[in-house]
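The values are calculated or read from the model by the stated rules, or taken from the named source; none is laboratory data. What you see is a predicted model; the values in this text were computed from it and never measured. With ideal geometry, Cβ positions are generated from the backbone for all residues, glycine too; neighbour counts draw on all protein chains shown. Heads up: the accessible areas ignore ligands, DNA and RNA and are worked out on the full protein's heavy atoms, side chains in. Shrake-Rupley method; radii C 1.70, N 1.55, O 1.52, S 1.80 Å.
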Amino acid sequence: MAATTADELIDTPAQPQPFHKTPMGKKVVAGGGVAAVLAVVVALWMWSQTPDYRVLYANYSDKDGGAITASLDQMGVKYKFSEGGSAILVPAEQVPDLRLKLAAQGLPKGGNVGFELLENQKLGVSQFVEQVNYQRSLEGELARSIQSLGSVAGARVHLALPKPSVFVRDQQKPTASVLLNLQSGRALDPGQVSAIVHLVASSIPELTIGNVTVVDQNGNLLSEQPKGNGLGKQLDASQLKYVEQVQQNIIKQVESLISPIVGKGNVRAEATAEVDFAQVDTAAEMYKPNSPPEPQAIRSQQTSEQTGPSSGNANGIPGALSNQPPGVATAPIEGGAPGAPGAAPAQSGPSRKDATTNYEVDKTIRYEQRPMGGIKRLTVGVVVNYRRTVDPATGKVTVKPLPAAEVAQINELVKQAMGYSQARGDTLNVANAPFEGVDRPDEAGPDWYKDPSNLPLAMEVGKYLLIAAILAFLYFRILRPLLRPVMNKFDEVTAVPEDEKEKSEDSDEDDSSTVELGSGGKPALGPDGMPLAPEEEPRGRSYRANLAMAKEMARNDPRIVANVIKAWVGSE
């Protein structure tokens, strides 16, 4: 067992050590390693948390773009331009806040002026200037309203407002022209064009729809009105959409009903619907005779009868003779008494009889109103695939047609699904035919790693796996070895082994004690006679174990402790 005295330890010159092996050097290296690891972790986190830029404003004028970027620079907001410089991009979480702040500053102003042009009217302007400013303001407001549509990038409105006249023959109707600059790859459907036309026509008094012209940036006339007297009108977008929706609903109903029978993908259906969009109002008044057994019913009857003698009205030739009174009546010589045989018959007075009879006649009044959109006729065609069977042993594929009874059953089911009506003239045709490729064997799909659609997902997963691998390398290869001595101080057991509690022996006659270096349970001393630092002690010995051994040594052999203190005082 090697031993040396304290005086020899004091007289021995100290060996120079590299800086990284000294206590201060080890601390500097550990701190630098921890700082490097933290820097790499922060860099990886910032790389994974790259801000997502969204569009703040697009299709702006150069003047508005300069004002917006200047305001963003003043607010200290990072921004960048999209490819081509057609849009300003900012972090996604700041888009709503920045739009509100820029709107408070009146940005973007846009290329059109609105009613704010009338806010700074000068005193003494003429009526003509006021009228021109009002027309410019009205055109600008209409252009702003049209630009709010998603498909419209820019718009210009020109109004022709004639002067009002008190003479009817001199009155003219206003007209309007709209020039649209559409977004790249976008188009307006007829419904949207009609909406723009109605918007402009409703904003100008006495402006009719026919006097509004809409043109796109390519010179295409979008607001062409149907020619003629209205007999050749075409269906508008809503009516065409309704017809398509009716047909798709019928197809969906037929395929959903037949698919469970023949299998998914083994049935195809197409439907054609004739829809009546005419709105008809009918008013009919019909008359018919009474029903039997009474063919006719008397409503009222009136009879008038008149009988009496002849009146003594004067007759004859006017004059004096006719005005003479009649002479004395004398009986004829020949003749008998009245009523006797041979007497002349007596003349009877005038007689009159009238009768009026009114009969009841049935009357039916019917008012019928048929709404537009009724189905006039349906035509449906259904194709059912052959039945396909696969031999599990050989994998051979065989196809055969469906039985006639099953085809008839499918035909009846399709009629129920489509709402078949023979009175309406509907037609249905169900055909059983083999589909293309029905006799081919099943082919396995491509491997998931060969599917191009999985490439974005694989890149995203690879990004996070790379970050995890770098963090694991930094922890196990750099951070953990640096922190291992510190962790050992807290993890080791504080108990002191029994074999380390041995007493030291006196070997020097001048009362100098001997000290074992790292053995016999004694603390190791350095060249200056002081205990070595915990970093320089033999491995496997903890701070608490050394402290316990120092206390035990002080109790058992106080001379060693006294010599150590004496060396400390002498060194100072």
Q) Under a plain spin-label model, where a point goes 7 Å from the Cα along Cα-to-Cβ, how far apart in nm are LYS376 and GLN306? A) 6.5
Q | Gained length - SER177 relative to VAL569, 0.36 nm times residue gap less alpha-carbon distance | A | 130.5 nm
Q) How big is the Kirkwood radius of the stretch 158-229, worked out from every pair of different alpha carbons and given in Å to one decimal? A) 13.6
Q) Stokes-Einstein D for the stretch 62-177 at 20 °C, 1.002 mPa s, Kirkwood Rh over Cα pairs, in µm²/s? A) 123
Q) What percentage of all Cα-Cα pairs in the stretch 356-406 are separated by more than 18 Å? A) 72
**Q.** Nearest-0.05 FRET efficiency for ARG477 and ASP73, computed from C-beta distance (R0 56 Å)
**A.** 0.80
Q | Exposure rank, largest accessible area first [GLU305, GLU130; 1.4 Å] | A | GLU305, GLU130
Q.
Starting from the 7 Å offset along Cα-to-Cβ, what nm value, one decimal, do you get for the label separation of SER256 and SER61?
A. 5.3
Q | Förster radius 22 Å - calculated FRET efficiency between LYS264 and TYR420, Cβ distance, rounded to 0.05 | A | 0.35
Q: Using DSSP to define loop residues, name the chymotrypsin sites (Phe, Trp or Tyr not before Pro) in the stretch 97-202 whose beta-carbon has at most 16 other beta-carbon atoms within 10 Å.
A: PHE167
Q. Roughly speaking, what is the stretch gain from VAL168 to ARG299, that is 0.36 nm per residue apart minus the C-alpha to C-alpha distance, in nm to one decimal?
A. 41.3 nm
Q: State the antiparallel share, in %, of DSSP beta bridges confined to the stretch 381-460, rounding to the nearest 5.
A: 50
Q: At 0.36 nm per residue, minus the direct Cα-Cα distance, what do ALA408 and LEU38 gain on full extension? Give it in nm, one decimal, please.
A: 125.5 nm
Q: Could you work out the equivalent-ellipsoid semi-axes for the stretch 127-268, taking the square root of 5 times each eigenvalue of the Cα gyration tensor, largest first, in whole Å?
A: 45, 19, 11
Q | Solvent exposure, largest accessible area first (probe 1.4 Å, DNA, RNA and ligands not counted), of TYR242, TYR79 | A | TYR242, TYR79
